[in-house]
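Right, one structure below, let's go through it.
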Amino acid sequence: MSSLLRRKPIGDIAALESDHGGTQLKRSMNTFQLTCIGVGSTVGTGIFFIFSNAVPLAGPAVIFSFILAAITAGLTALCYAELASSIPASGSTYTYAYTILGEFVALLVGACLILEYGVSTAAVSVLWSQYLNDLLNRLFGFQIPDVLSHAPGDGLGFGINVPAIVLVALCALLLIRGTSESARVNAIMVVTKIGVLAMFAVIAFFGFDISNLEPFAPFGVAGIGAASGMIFFTFIGLDAVSTAGEEVENPKKTLPIALITALIVVTVIYLVVTFAAIGAQKYTEFEGQEAGLSEILQNVTGSEWPSIILSAGAVVSIFSVTLVTLYGQTRVLFAMSRDGMIPEIFSDVSPKTLSPIPNTILVAIVVALMAGLLPLDFLADLVSMGTLVAFTVVSAGVIILRRREPNLERGFRVPLYPVLPVLSILACLYLISTLHWETWLLFAIWLALTTVLYFTYSRHHSRLNV
């Protein structure tokens, strides 16, 4: 029992981070780059994919599904901002849980993050393959054969999604070169994607038809809630910001600003593009669409060029999402390895680039296999479950840490405490309740395997096992 509850001392985090030979990360990111990390890992999954799944559940009222998900994410972002400014270390929610709730809970949270980032990276890689095919078809009149661009679960007897595997490999190579280089490339791609989505919104509003919003909520409140649970995985970027706690300059100030700014930018983009999309196309036409936003532009303008630009922007956009989610995955594993929860190979850092190269290679191999062999609809709800559990832990952590460490230096404090953290917890639990039972079952199996890992390996190799 004592090992289950032992906590990593907040005051010793800096010492622990530099004590395990050669595992110190380089502080090289500024506020703008970190904000782009958040925007880059968020905008892309929701806008370029989720409509074909969420709109059939909620109809035009999907706009309220996005608002509900954004409110939940906003409440959690404030909690993240406080913890990130108080404990500016790598590992995000895992590290917060280790210092606040104890070792066993921390490992379970780490497992949630691994699920969240790993599955999300695979999911958006599959989506990239769809838009790449759309772009190739519009530009050159051909597509990659289905057997080489779809997983077996997509209706084929046999197949492998080669473009998705290639994308993961390219992102891994970029991360191996170093964090600062990856951050600069990501910032360029984020600016590009915002410009492309602004173009979509302007053109789509020219095709806006008020009759497309009728009936507004054909599936009632239940449909809005179900769509919100699915949509929530698109807010994973908020967590990705906090995984960079050890690699940003002046983290106590930079982390809160980047978190809140990224949330505002993302929410505005989502709502504007969603309203434009459901006004330009009847909700019954969204189901089953691949590269749906390109099709909307094609129908509105009757011309190919806006769709070509949109698909090209999606290819760039989803590349940046994959890059950031893969980055987040490696940093969580890095923190867990440094604490002894998983093997040391995940915290080995290159002396030249100060990035965890073996970790990145291993993660890329596993994620590439998932992206190449698993269908997209299998992956989305699992991401939402992992994200929502992590967000719940963060909100609870703020309350516990306020009581336990009232004098701890905090770069940011959640306003209206404790009301907002409690509302955040309740909102996350509500969205969790909307997920399918199959997701609950798979999640339970994942946590059971993590429990086995703790009692057979982690408990004995923990840095606190002295």
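In the chain, the calculated helix contribution to ellipticity at 222 nm averages -23000 deg cm²/dmol per residue, counting -39,500 (n - 2.57) for every DSSP H run with n ≥ 4.
Are there DSSP H segments in the chain that both extend 15 Å or more along their axis (alpha-carbon positions) and score a mean Kyte-Doolittle hydropathy of at least 0.0? List them, or say none.
Working: long enough: 31-42 (17 Å, 0.88); 62-86 (36 Å, 1.71); 103-140 (54 Å, 1.11); 162-177 (23 Å, 2.65); 179-206 (41 Å, 1.45); 220-231 (17 Å, 1.51); 251-280 (43 Å, 1.83); 305-338 (50 Å, 1.16); 357-373 (24 Å, 2.27); 376-404 (42 Å, 1.30); 419-433 (21 Å, 2.41); 437-453 (24 Å, 1.52).
Once both thresholds are applied, what remains is 31-42, 62-86, 103-140, 162-177, 179-206, 220-231, 251-280, 305-338, 357-373, 376-404, 419-433, 437-453.
Counting charges near G102 (Lys, Arg +1; Asp, Glu -1) among other residues having Cβ under 11 Å from its Cβ returns a value of +2.
Within straight-line reach of K282, meaning a Cα separation under 30 Å, sit the following lysines at least 8 residues removed in sequence or on another chain: K193.
Ranked by the mean number of other Cβ atoms within 10 Å of their residues, highest first, the peptides 185-194, 30-39, 108-117, 160-169 fall in the order 108-117, 30-39, 160-169, 185-194. The alpha-carbon of K352 sits under 26 angstrom from the alpha-carbons of these lysines, leaving out residues fewer than 8 places away in its chain: K26. What whole-number distance in Å separates the alpha-carbon centres of segment 71-119 and segment 307-322? Cα centroid to Cα centroid, the span is 29 Å.
Sorting the segments 80-87, 200-207, 432-439 by their residues' average number of neighbouring beta-carbon atoms within 10 angstrom, most packed first, yields 80-87, 200-207, 432-439.
What number comes out for the charge environment of T325, summing +1 per Lys or Arg and -1 per Asp or Glu over other residues with Cβ under 13 Å away?
Numbers: positive: R331; negative: E116, D239.
Spelling it out: positives minus negatives among the neighbours equals -1.
With the simple spin-label model, which puts each label point 7 Å out from Cα in the Cβ direction, the N137 to R184 separation comes to 3.8 nm.
Once you charge only the Cβ atoms, +1 for Lys and Arg and -1 for Asp and Glu, what is the size of the charge dipole of the chain about its Cα centre, to the nearest 20 debye?
Details: 22 positive and 29 negative charges, 288 e Å.
In total the dipole reaches around 1380 debye.
Give the cross-link partners of K8 among the lysines, using a straight C-alpha distance below 21 Å as the criterion and excluding same-chain residues fewer than 8 apart. Qualifying lysines at Cα under 21 Å: K252. Among residues other than A390 with Cβ under 13 Å from its Cβ, the summed charge is -2 (Lys and Arg +1, Asp and Glu -1). Among L136, L170, L238, the ranking by other beta carbons within 10 Å of each residue's beta carbon, starting with the fewest, stands as L170, L136, L238.
Every number here is computed from the coordinates shown, using simple stated rules; none is lab data. Keep in mind that what you see is a predicted model, and the values were worked out from it rather than measured. Heads up, the Cβs are rebuilt from the backbone with ideal geometry, glycines too, and the neighbour counts pull from every protein chain shown.
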